[in-house]
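Inspection log for the structure reproduced underneath, given as structure tokens.
Bear in mind that the values in this text are calculations on the coordinates, not laboratory data. Since we're looking at a predicted model, the values are computed, not measured. Note that we place each Cβ from the backbone using ideal geometry, even for glycine, and neighbour counts take in every protein chain shown.
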Amino acid sequence: MAEPHATDVTIGVCYYPEHWPEAMWADDARRMRAAGITRVRIGEFAWSRLEPRPGHFDFDWLGRAIDTLHGAGLEVVLGTPTATPPKWLVDRMPDMLPVDARGRTRGFSSRRHYCFSHAGYRHECARIVTALAERFGRHPGIVAWQTDNEYGCHDTVLSYSHEALVGFRHWLKERYGDIHALNEAWGNVFWSMEYRDFAEIDLPAGAVTETNPAHRADFHRYASDQVAAFNRVQTAIIRTLSPGRDILHNFMTFFLDFDHYAVMKDLDIATWDSYPLGSLDVFPGEAAHKAAFARTGDPDLQAFHHDLYRGAGRGRFWVMEQQPGPVNWAQYNTDAAPGLVRLWGLEGFAHGAETISYFRWRQAPFAQEQFHAGLNLPDNTPDRAFFEVEHLSADLAALGPLGVPVAAKAALVFSYEAAWFLRVQPQGRNFTYIEQAFAMYRALRRLGLDIDIVGPQADLAPYTLVLVPPMPHVPDVLAAALSTFKGTLLVGTRTGSRTASHRIPDNLAPGPLAAVLGVKVTRAESFRPGSAVPVRFDNETFAFDRWREFVVTAPGTEVLAETEDGHPALTRRARAHYLAGAPDPALLERIVERLAREAGLAVMTLPAGLRTRRRGAFRFVFNYGPGPVDISPYFPDRDFVLGALALDVGGVAVSRFLAGP
Ligand code: GAL
């Protein structure tokens, strides 16, 4: 068994004392510590036990649970229970329930049954959070708070309730001031959609055909703002009543329905819930790819989120829930290959995580998640993940302090608003923001680079290579940053194609980037699967497989690649490149590799499942498979602390890296 060790990172676990007899708690806590676990998250779904009747709090059991865990040497992260309002509360205030786009109320009997816009529900949240923070805010065992749980999970950001309607009208009035400004911004003269008053505006659903895209874009913005405001109600209370504790929230995989950067303004640490196998199953992808990585997860998916949330967390992030084995919620719930529970943990640490916390301590023998693995079986015998967590804590002891992630020279600019705009008018059903952005990330990571994912407001000066996935509306601050950026830039198709109010810019796409890129887009077309346009680059033929544009170039703009029918596919002006289409993966990889070399980055071309990240003095290498790999051709570093040159599937090697870029 691993002993407490000198390290700067921690292992955690999610625990539900209310699910188990109190007689088990002390032994659970003791065994957590013995396995090397030092943090435990509790409480986030316990409202019906914390307030069994309106106004009657029963916090004593939670107090005993916190004392037991703290007494065993565990640091407690206390969740606010607002993702699961109890039945009595919903019955008292039924209009707090979320409503779907077809106008159907989404009822009680699972979780997240609330509308973010509902003022009465926010008031109820403030009430229970105040009571909890008054009671436990200064408890020495509490090191952090988690607000709610997975904002937006189960498709709950966009709610079409009456409260949302009232709130949206008010929000529009604040934004536009007068109704003529809104009519003008949205272009409501089209189809006689003009309004005389904000009170006439409905939510953008239930119309005969497509509603105005500007209307929907604003509804996304409004809904996103409600998530931030809802969260802020809780953080304001906790900050006052629980000084010195970190406040965090657990975000999700590929989740775009609200602006995480905005929510993070009120939080100290970004955390996310990492379910590699469940996520592989639900993310669009080729069947062959999913089959190859069914038991390991996609080799870039976890890293993408580590980098995304490290950026959103201003350098501070955790994995709050790490998959321990099969989950219960994907279409097909495959078991992990041996070693992956450890690998996913080490990879999180390699990307800078402060804590990796496993979901959950013990598999639940009742209710919705009976098929979901834990570290222990329902009969309390340790399951395979338990031993892998022990292994992970021994690894951390062997490594010692990890330090901070090596500063990346390559960055990807990530925008939630871009995802909303491309959802509002995809103009091709296979064109999604997340697939385009993730493909760019994969192309970078395949080169063995350390990568930052940054928001549109970020300072780009530290980077020598910046990639911008398709971003229809380029905020002024980003346009300014890109026009003074000194490094190599690759801008994705459709960037700058819309204004903030979802109109075509007066100077056409790429709008505010016209001078930087030296192109003008005059037409676009989208393709169904199998009807790609060939693209010649580097004496080889690739393709634009979903989208292409017809562009005219300004004098001084070079054409680096052309479509087979003779139109510019990749252009360059100084060091700024524009992609006039959605490249297939091979073309994207080739272009990104060329640009990374030109930018002076040390690149390698890694096989499909081999990936790397550097933190402190260490280079971590991960083998996601599909087969064993001899890593010696790729990595000159030989001073191994963990693993060796031959890596089986699920294997990890950690060496002290030779100094270099
Ligand atoms: C997460 C959620 C947990 C649990 C888990 C199962 O989305 O936060 O409460 O449901 O999924 O994988």
**Asked** Given Tyr332, Tyr309, which one is surrounded by fewer than 24 Cβ atoms within 10 Å (Cβ to Cβ), more than 14 Å from the ligand (Cβ to nearest atom) and without any contact (Cβ under 8 Å) to a residue 60 or more places away in the chain?
**Response** Tyr332
**Asked** Would it be correct to say that Pro85 is within 16 Å of the ligand (Cβ to nearest atom) and over 19 Å from Val389 (Cβ atoms)?
**Response** yes
**Request:** Working carefully through the options Ser48, Ser110, find the one that is touching a residue at least 24 places away in the same chain (Cβ under 8 Å), surrounded by fewer than 18 Cβ atoms within 10 Å (Cβ to Cβ) and under 25 Å from the mean Cα position of the chain (by Cα).
**Result:** Ser110
**Fill in**
Those residues of the range 223-270 which are among the hydroxyl-bearing types (Ser, Thr, Tyr) and over 20 Å from Thr355 (Cα atoms) amount to Ser224, Thr235, Thr240, Ser242, Tyr261
**Request:** For the range 247-262, enumerate the residues that are among the aliphatic types (A, V, I, L, M) and crowded, with 24+ Cβ neighbours inside 10 Å.
**Result:** Leu248, Leu256
**Request:** Would you please name the residue that is surrounded by the most Cβ atoms within 10 Å (Cβ to Cβ), looking only at residues in the range 372-387 that are among the hydrophobic types (A, V, I, L, M, F, W, C) and out of contact with any strand residue (DSSP E or B) (no Cβ under 7 Å at 6 or more places or on another chain)?
**Result:** Ala373
**Asked** Quick check, is Ser224 touching a helix residue (DSSP H, G or I) at 6+ places or on another chain (Cβ under 9 Å), away from the ligand (no atom under 12 Å from the Cβ), farther than 17 Å from Thr80 by Cβ and among the polar types (S, T, N, Q)?
**Response** yes
**Request:** Give the residues of the range 198-217 that are closer than 17 Å to Leu422 by Cα and charged (D, E, K, R), sorted by residue number.
**Result:** Glu210, Arg216
**Request:** Search the range 351-360 for residues being surrounded by 24 or more Cβ atoms within 10 Å (Cβ to Cβ) and under 16 Å from Phe45 (Cβ atoms), and hand back the single one that is nearest to the ligand (Cβ to nearest atom).
**Result:** Phe359
**Asked** Under the condition of being part of a strand (DSSP E or B) and touching a Ser or Thr at 6+ places or on another chain (Cβ under 9 Å), which residue from the range 242-255 is farthest from the ligand (Cβ to nearest atom)?
**Response** Ile247
**Request:** Can you tell me which residue among Asp8, Asp27 is away from the ligand (no atom under 15 Å from the Cβ), of a type outside the set (Phe, Trp, Tyr) and in contact with a Pro (Cβ under 6 Å, 6 or more places away or on another chain)?
**Result:** Asp8
**Message:** Which of the strands (runs of 3 or more DSSP E) found entirely inside the range 484-593 contain at least 2 residues meeting this: surrounded by fewer than 19 Cβ atoms within 10 Å (Cβ to Cβ)?
**Reply:** 519-526, 533-537, 540-553, 558-563
**Prompt:** Could you say which residue among Glu390, Glu369, Glu321, Glu347 is surrounded by 24 or more Cβ atoms within 10 Å (Cβ to Cβ) and either farther than 30 Å from Val404 by Cα or away from the ligand (no atom under 16 Å from the Cβ) (or both)?
**Reply:** Glu347
**Asked** Restricting attention to the range 103-157, and to residues there that are under 20 Å from Leu74 (Cα atoms), outside any loop (DSSP other than H, G, I, E, B) and not small (Gly, Ala, Ser), which single residue is nearest to the ligand (Cβ to nearest atom)?
**Response** Gln146
**Message:** Tally up the residues in the range 173-208 that are in contact with a Leu (Cβ under 6 Å, 6 or more places away or on another chain) and touching a residue at least 24 places away in the same chain (Cβ under 8 Å), please.
**Reply:** 2
**Asked** What number of residues within the range 400-423 are out of contact with any Asp or Glu (no Cβ under 8 Å at 6 or more places or on another chain) and surrounded by fewer than 23 Cβ atoms within 10 Å (Cβ to Cβ)?
**Response** 3
**Message:** Residues to consider are Ala303, Ala312, Ala292; find the one that is hydrophobic (A, V, I, L, M, F, W, C) and over 15 Å from Phe414 (Cα atoms).
**Reply:** Ala292
**Request:** Tell me which of these Gln302 doesn't satisfy, since it passes every other one: (1) outside any loop (DSSP other than H, G, I, E, B); (2) out of contact with any Cys (no Cβ under 8 Å at 6 or more places or on another chain); (3) closer than 21 Å to Ala35 by Cβ; (4) in contact (Cβ under 8 Å) with a residue 12 or more places away in the chain.
**Result:** (3)
**Asked** So which of Asp91, Asp67 ends up being in contact with a His (Cβ under 9 Å, 6 or more places away or on another chain), more than 20 Å from Leu248 (Cα to Cα) and not hydroxyl-bearing (Ser, Thr, Tyr)?
**Response** Asp67
**Asked** Taking Leu69, is it over 30 Å from Leu396 (Cβ atoms) and buried (at least 16 other Cβ atoms within 10 Å of the Cβ)?
**Response** no
**Complete:** Picked from the range 455-477 (must be buried (at least 23 other Cβ atoms within 10 Å of the Cβ) and of a type in the set (A, V, I, L, M)), the residue farthest from Pro299 (Cα to Cα) is Val474
**Request:** Counting only residues that are of a type in the set (A, V, I, L, M), surrounded by fewer than 17 Cβ atoms within 10 Å (Cβ to Cβ) and touching a Phe, Trp or Tyr at 6+ places or on another chain (Cβ under 6 Å), give me the helices (runs of 4 or more DSSP H) lying completely in the range 158-241 with at least 3 of them.
**Result:** none
